[in-house]
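Contents: one structure, followed by commentary.
The values are calculated or read from the model by the stated rules, or taken from the named source; none is laboratory data. None of the values given here were measured: they were computed from a predicted structure. Don't worry about glycine lacking a Cβ; one is built from the backbone with ideal geometry, like all the others, and counts go over all protein chains shown. Note: areas computed on protein heavy atoms with side chains; ligands, DNA, RNA excluded. Shrake-Rupley method; radii C 1.70, N 1.55, O 1.52, S 1.80 Å.
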Amino acid sequence: MPLSDSELDRYARHIVLREVGGAGQQKLKSSRVLVVGAGGLGSPLALYLAAAGVGTLHLVDDDTVSLSNLQRQIAHTTARVGERKTASAAAQLRAINPEVTIVEHATRITAGNARELIGAVDLVADGSDNFDTRFLINDACHLYGKPLVSAAVVQFDGQLSTFKSHIRGTEGGGGHPCYRCLYREPPPPDSRPNCAEAGILGAVAGVMGTLQATEVLKELIGIGDSLSGRLLIYDALSTAVRTVRLKPDPACPLCGPQATIKDLSGHA
Ligand SMILES: [Zn+2]
């Protein structure tokens with residue numbers, strides 16, 4: 001997709017990067033990404049993807065902006081409290097970059113609409129805030145063959161990885177794990193911390209959402225080392241970042257050789 005004069009100007013600091021160049025910027029322009037959740041992670045994630053010139057961004061979130069969101073959900077403003085998060089975030093993204101297309105889905109992603117939402121994009125970025133959605137998106141991305149960049153935050157801690165389990169590993173090694181290779185099943189409901197109960201330092205969501213945006217851009221352009229097969233762990237209190245190896249689990253019910261999950265019927 002060719003770039004206009006104003007786009008060449010807007011993205012000049014990308015294009016000057018040898019790894020990106022005009023060709024990489026054109027790849028971003030022709031890319032379509034689904035951002036799940038317009039909250040603490042989804043705000044910096046979507047803001048950077050729109051600023052970077054990702055051609056089409058689909059936003060899915062069924063919530064409205066509340067005052068207690070604003071400590072971390074930086075796509076929203078005090079004046080937009082009470083508005084739908086998709087509309088509020090879309091207004092901010094369009095203000096930053098009117099060259100990109102923002103598609104609003106003011107709904108929750110479910111087993112019923114996942115195929116349509118995920119089928120419309122090249123990559124999914126999960127910034128959702130609950131385990132049920134996280135597992136649904138993992139399963140859907142594997143079944144429908146789309147890469148997934150997934151982040152999570154609570155209190156002072158963050159995690160990030162890229163999942164491409166739909167790509168079959170080469171014989172005798174390699175291969176890409178999925179989220180279920182890391183966590184088999186959602187934890188029982190009473191053991192789940194959430195932001196409202198556990199709290200979160202707002203800037204930690206900013207760090208993780210920005211790292212997530214960076215990995216999305218790398219995947220779309222096809223540069224650097226993919227985070228697939230590694231889990232990045234950020235501990236803000238001790239200012240430590242580490243990555244641990246993630247291997248495909250041969251007993252994984254989704255991506256293993258004896259997989260039992262063949263569709264989304266186990267999800268709400
Ligand atoms: Zn798996």
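For this structure, a couple of remarks:
- Per the Cα gyration tensor, the range 73-137 maps to an equivalent ellipsoid with semi-axes of 23, 16, 10 Å, ordered largest to smallest.
- In this label model, D249 and D263 are separated by 2.5 nm, measuring between points 7 Å along each Cα→Cβ vector.
- Rounded Å value of the spacing that divides the Cα centres of the range 214-268 and the range 119-158: 9 Å
- A simple spin-label model places pseudo-atoms 7 Å from Cα toward Cβ; at E19 and V81 they are separated by 4.1 nm.
- Accessible area per residue for the range 172-256 is 51 Å², calculated with a 1.4 Å probe on protein heavy atoms, without ligands, DNA or RNA.
- The residues of the range 1-152 present an accessible area of 41 Å² per residue when probed at 1.4 Å with all protein chains retained.
- Over the range 95-225, the fraction of Cα-Cα pairs per 10 Å bin, rounded to whole percents and listed from the shortest bin up, is 11, 37, 38, 13, 1.
- Long-range lysine pairs (8 or more apart or interchain), the chain, Cα under 20 Å: 12
- Y144 paired with L70, simple spin-label distance in nm, labels 7 Å along Cα-to-beta-carbon: 3.4 nm
- Estimated FRET transfer efficiency when R0 is 30 angstrom, pair A240-S191 (beta carbons, to 0.05): 0.75
- Percent antiparallel among DSSP beta bridges (both partners in the chain, rounded to 5): 50 percent
- The portion of the accessible surface of the range 6-150 made up by carbon and sulfur, rounded to a whole percent, is 50 (1.4 Å probe; DNA, RNA and ligands excluded).
- Taking only Cα atoms of the chain, radius of gyration then Dmax in Å: 18.0, 56
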